[in-house]
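Peer 1: I'd like to ask some things about the structure below.
Only the coordinates and a few stated rules stand behind these numbers; no lab work does. These figures come from a predicted structure and were not determined experimentally. Backbone-built Cβ (ideal geometry, glycine too); neighbour counts: all protein chains shown.
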């Protein structure tokens, strides 16, 4: 079978992103004040113990503030939030941006306004979906970073190999990719040496995705399948409260279909306590392969310890923001939009109470943690040399700093890791019953 090396062609990338929302900087009396931009980006400690500006400052101030919130030290909270407000800027360099977006979450945590703020930001984002601007954003992000295409290439390769020789295919797509990975797979199916198979694609989407966006995606996917000459059926499932509501009957799985379950950035959206049940539901579908891609961060084991959760959240998003800073030009609107999308995730993790039903949402776990869960129902599949070579070829398209880690066979973890400056940031894996 001939397989395309890279993820879907740029012109087929379809995704929506939120409106550009600026967090209004507030003084501690609740009044708006002009943002102060500082050219210095570092912090030191004076003889009096007060922070001064001349070393890397954002992480130190943010950690101090998180500890003060955990200890309910209102005086210190007030002082540190005021200082962060003076130094932070969503338009500055990396430290200033981290301070700005984490300040929003810390302020909401301290004032117990996280859920209200999150709902407001989400509502604003949902009203501003633009297909054209989203397409441009994805094109640019795919152009400068393999953050998402890494998972596309690895998953597509494993799915194509699992479907070898099958004539009736069904992919259950439970992901946040909005079909951006599938045009390449359609191309590969169209060039198979044997008869072109029939493909059914069932996409499970969240309520936040605007119906008009999915209609546009459906039309483009069907048009592209016709162009490729691949018999194609496209179905959308929405309106679910959680992934545990999915069933074989609801997904329309037929006994004569070769099934693949594709999960990219999806399992973290299931409640932590429900993840085992979701994985067992996948097992009931008797899939040929299950592909799982998740970002490498542990926000699960520390979710009852605010300081530890904050530390891991800060570690992960510092890597992400630094990657964006080095990948995009300073004036990039696309970079700003991606950062603001992250600001909602940071707020969701740190400032939305668990009982709200939002705090657990998108609770990330590391690859080793997902492996322990998945091994209860599936066996790990090593990516073939061909798939690994495809991923390596993909990474060569990007700037220096990106890498690939393939664990040794004796390693207890499975899958492969995308690294940024030798730090694992995205984990991809494949599983069989």
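Peer 1: Could you check the spin-label model distance between residue 139 and residue 308? Points 7 Å from the Cα along Cα→Cβ, value in nm.
Peer 2: If labels sit at residue 139 and residue 308, their model points lie 4.6 nm apart.
Peer 1: Sort 173, 386 by Cβ crowding within 10 Å, fewest neighbours at the top. Can you show the working numbers first?
Peer 2: Values: 173 24, 386 13.
Least crowded to most crowded, the residues run 386, 173.
Peer 1: Can you order the peptides 308-321, 284-297, 68-81 by their average number of other Cβ atoms within 10 Å per residue, highest first?
Peer 2: Values: 308-321: 19.9, 284-297: 22.7, 68-81: 16.1.
Most protected by this proxy first, the peptides run 284-297, 308-321, 68-81.
Peer 1: Same structure, new question: With a/c under 1.5 counting as rounded, go ahead and sort the stretch 196-351 into rounded, prolate or oblate using the C-alpha gyration tensor (a ≥ b ≥ c being the square roots of the eigenvalues; past the cut-off, prolate if a/b is larger than b/c, else oblate).
Peer 2: Values: a/c = 2.34, a/b = 1.41, b/c = 1.66.
It comes out oblate by the Cα gyration axes.
Peer 1: Taking the mean number of other Cβ atoms within 10 Å as a proxy for protection, how do you rank 98-111, 145-158, 334-347, 245-258 from highest to lowest? Please list the in-between numbers first.
Peer 2: Details: 98-111: 23.8, 145-158: 25.9, 334-347: 20.7, 245-258: 14.0.
In decreasing order of mean packing, 98-111, 145-158, 334-347, 245-258 become 145-158, 98-111, 334-347, 245-258.
Peer 1: Between residue 60 and residue 389, what length comes free when the chain is fully extended (0.36 nm per residue of separation minus the Cα-Cα distance, one decimal in nm)?
Peer 2: On the way: separation 329, 0.36 × 329 = 118.44 nm, distance 4.07 nm.
Contour length minus Cα-Cα distance gives 114.4 nm.
Peer 1: So, by mean Cβ neighbours within 10 angstrom, what's the order for 379-385, 136-142 with the highest one leading? Before the final figure, lay out each step's value.
Peer 2: Values: 379-385: 14.7, 136-142: 20.0.
The densest-packed peptide leads the list: 136-142, 379-385.
Peer 1: Now a separate question. Could you give the length gained by full extension between residue 112 and residue 235, i.e. 0.36 nm per residue of separation minus their alpha carbon distance, to one decimal place? Don't skip to the end; give the middle numbers.
Peer 2: Numbers: separation 123, 0.36 × 123 = 44.28 nm, distance 4.03 nm.
Result: 40.3 nm gained on full extension.
Peer 1: Could you calculate the contour length gain from residue 280 to residue 331, that is, 0.36 nm times the residue separation minus the distance between their Cα atoms, to one decimal place in nm?
Peer 2: On the way: separation 51, 0.36 × 51 = 18.36 nm, distance 4.63 nm.
Additional length available on full extension: 13.7 nm.
Peer 1: From the Cα gyration tensor of the stretch 77-129, with a ≥ b ≥ c the square roots of its eigenvalues, which class applies: rounded if a/c is under 1.5, or else prolate if a/b is larger than b/c, or else oblate? Write down the numbers at each step before the final one.
Peer 2: Details: a/c = 3.65, a/b = 1.35, b/c = 2.71.
Verdict is oblate for the stretch 77-129.
Peer 1: Oh, and also: Which shape class, rounded, prolate or oblate, goes with the stretch 254-293 when its Cα gyration tensor gives a ≥ b ≥ c as root eigenvalues, a/c under 1.5 marks rounded, and past that a/b bigger than b/c marks prolate?
Peer 2: oblate
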